[in-house]
Amino acid sequence: MQRIITVLIAIFIISAAFGWESSTRIAVLGIDSRVKGEDVDTAGFSEIIQNTLVNRKVYIIVERAQLYKILEEQKLQASGIAENEASRIGSIAGANKVIIGSLVRIDREYQLLIKVIDSSTGAIEISQEIKGGSIGDIADNIPAAVDMIIKKSGGEENTDSSDAAAGAPSNTIHKPGFFPVQVSFFRGVALVPESFTITGAGFDLIMGYDYAVYGGQFGFINDAGRVSGAQFGFVNSTGGDMTGAQFGFVNTANNVKGCQIGFINTAGRLDGVQIGFLNFVKEGWVGFMPIINIGF
């Protein structure tokens, strides 16, 4: 038993060496809209980015009230800030990293470029692009893009075509980190980096997050970027594709290809069945249906 504990501690220490530390502070500034002739609520994009980061609980997020106070003192707007100004604002706010972005439209396609800037050097450390045919498509894919940023912050430089389904660009190559077993105690406290793909079973003792799970995720509160298999818990959440089944009191996923069985089930899109007291589908011919809901 002592040997097993020693091995687990060693793996945990090694995993801490990957990418940013959990104490990394991130400031989310504004998104600059360069789309002419359209009044786009890019402030809403910033809020989605920040809320997703807060919910992931991997890093420390600077409060927006503190940022607005600094911007007001520096007589700057939240959007349209250059990289050097962003790094300066980040340093004043005590942030290690700053997130800014720009929205453009090329022909009929919208493109949102999210950039992570190192406050100490002013260099662009991570960039993530989202493409969509509408502003709604861009907004829907922001959480998956934030998951990719978290993944890259853990040492994953690129992504493959399977990541494109989660809102990532499809023209890059992925060199993933894999591990057969994940044990999470809390968000940010896990056996292996949360940016890894789990190819067996993930156990969330209280709550945990994994970028992708191919197998099963078990625990009180389960969260993943995408799942191919099943989630068993009191609360199950999948930010991207859920291919398989969710079993819990509350189940939520962006794109369900399979089934959700619980008291409350929510899905962005449903290609399968929901069985529960309350069933919601954002993009479906029936947005709400009690007991059973079928989508195709």
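The values are calculated or read from the model by the stated rules, or taken from the named source; none is laboratory data. Not measured: the values here are computed from a predicted model. Every residue, glycine among them, receives a Cβ derived from its backbone with ideal geometry; neighbour counts consider all protein chains shown.
When you scan the stretch 45-56, do you find a residue that is assigned to a loop (DSSP other than H, G, I, E, B) and surrounded by fewer than 18 Cβ atoms within 10 Å (Cβ to Cβ), even just one? Walk me through it before giving the result.
As a first pass, look at the stretch 45-56 and keep what is assigned to a loop (DSSP other than H, G, I, E, B): none.
No; the residues of the stretch 45-56 include none that is assigned to a loop (DSSP other than H, G, I, E, B) and surrounded by fewer than 18 Cβ atoms within 10 Å (Cβ to Cβ).
Going residue by residue through the stretch 83-90, is there one that turns out to be outside the structural domain of Val192 (by TED's automatic domain parsing), modelled with pLDDT of 85 or more, part of a strand (DSSP E or B) and of a type in the set (Lys, Arg)? The answer is no; no qualifying residue exists.
From the list Ser195, Ser237, the one residue that fits, being under 20 Å from Ala145 (Cα atoms), free of Cβ contacts under 8 Å to residues at least 24 places away in the same chain and not assigned by TED's automatic domain parsing to the domain that holds Asn55, is Ser237. Please verify whether the stretch 281-290 includes one or more residues that are closer than 22 Å to Ile206 by Cβ and either in contact with a Lys or Arg (Cβ under 8 Å, 6 or more places away or on another chain) or not assigned by TED's automatic domain parsing to the domain that holds Ala145 (or both). Checked the stretch 281-290: no residue is closer than 22 Å to Ile206 by Cβ and either in contact with a Lys or Arg (Cβ under 8 Å, 6 or more places away or on another chain) or not assigned by TED's automatic domain parsing to the domain that holds Ala145 (or both).
Any chance the stretch 48-68 includes a residue that's charged (D, E, K, R), modelled with pLDDT of 90 or more and not assigned by TED's automatic domain parsing to the domain that holds Ala190? No, there is no match, as no residue in the stretch 48-68 is charged (D, E, K, R), modelled with pLDDT of 90 or more and not assigned by TED's automatic domain parsing to the domain that holds Ala190.
Regarding the stretch 3-10, can at least one residue be identified that is among the basic types (Lys, Arg) and modelled with pLDDT of 55 or more?
Looking for residues that are among the basic types (Lys, Arg) and modelled with pLDDT of 55 or more, one finds none in the stretch 3-10, hence no.
When the criteria are applied in full, Ile221 fails the requirement of being of a type in the set (A, V, I, L, M, F, W, C), touching an Asp or Glu at 6+ places or on another chain (Cβ under 7 Å), modelled with pLDDT of 90 or more and more than 22 Å from Val54 (Cα to Cα).
Could you say whether any residue in the stretch 87-95 is buried (at least 16 other Cβ atoms within 10 Å of the Cβ) and over 12 Å from Ala27 (Cα atoms)? No, that holds for no residue.
The residue that is nearest to Val35 (Cα to Cα), counting only those in the stretch 114-144 that are part of a helix (DSSP H, G or I) and touching a Gly at 6+ places or on another chain (Cβ under 8 Å), is Ile138.
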